[in-house]
Amino acid sequence: MTVSSRPPADEIPRTRQALVTEWERALAEAGPKLPEGWEKMTTDQIRTEHVSQKLANAGPPPTGPALDPDFKGPDD
């Protein structure tokens, strides 16, 4: 299985309005609202902020047994 820190391309909205909607949803999970002046941001800037917020909401990547419960270390 391949694990990536980036969401698949088909999960990232393509239109500006869809990006804003999803960014707003991701921000709501974390508590803040859209920043003041977001309307002046480019679509690429909004996309970057949306993906960054989704990654922040996901939390740290799993490690140790949470990553691979069946892993046997050299001392096992």
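Working from label points 7 Å from Cα in the Cα-to-Cβ sense, the ALA18 to THR48 distance is 2.2 nm. VAL20 sits with roughly 10 Å² accessible to a 1.4 Å probe, with DNA, RNA and ligands left out of the calculation. Computed from point charges on the beta carbon alone (+1 for Lys and Arg, -1 for Asp and Glu), the dipole magnitude for the stretch 27-74 about its Cα centre is near 20 Debye. The GluC sites (Glu not before Pro) of the stretch 15-76 meeting both criteria, a DSSP state outside H, G, I, E and B (loop) and at most 13 other C-beta atoms within 10 angstrom of the site's C-beta, are GLU36.
Solvent-accessible surface of the stretch 22-66, averaged per residue with a 1.4 angstrom probe and all protein chains in place: 72 square angstrom.
If you sort THR48, THR43 by accessible surface, 1.4 Å probe, largest first, the order is THR48, THR43.
The values are calculated or read from the model by the stated rules, or taken from the named source; none is laboratory data. Everything numeric here is computed off the predicted structure, so don't read it as measured data. A quick note on method: Cβ atoms are made from the backbone with ideal geometry, for glycine too, and the neighbour counts reach across all protein chains shown. To get the accessible areas, we keep the full protein, side chains included, count just its heavy atoms, and leave off ligands, DNA and RNA. Shrake-Rupley method; radii C 1.70, N 1.55, O 1.52, S 1.80 Å.
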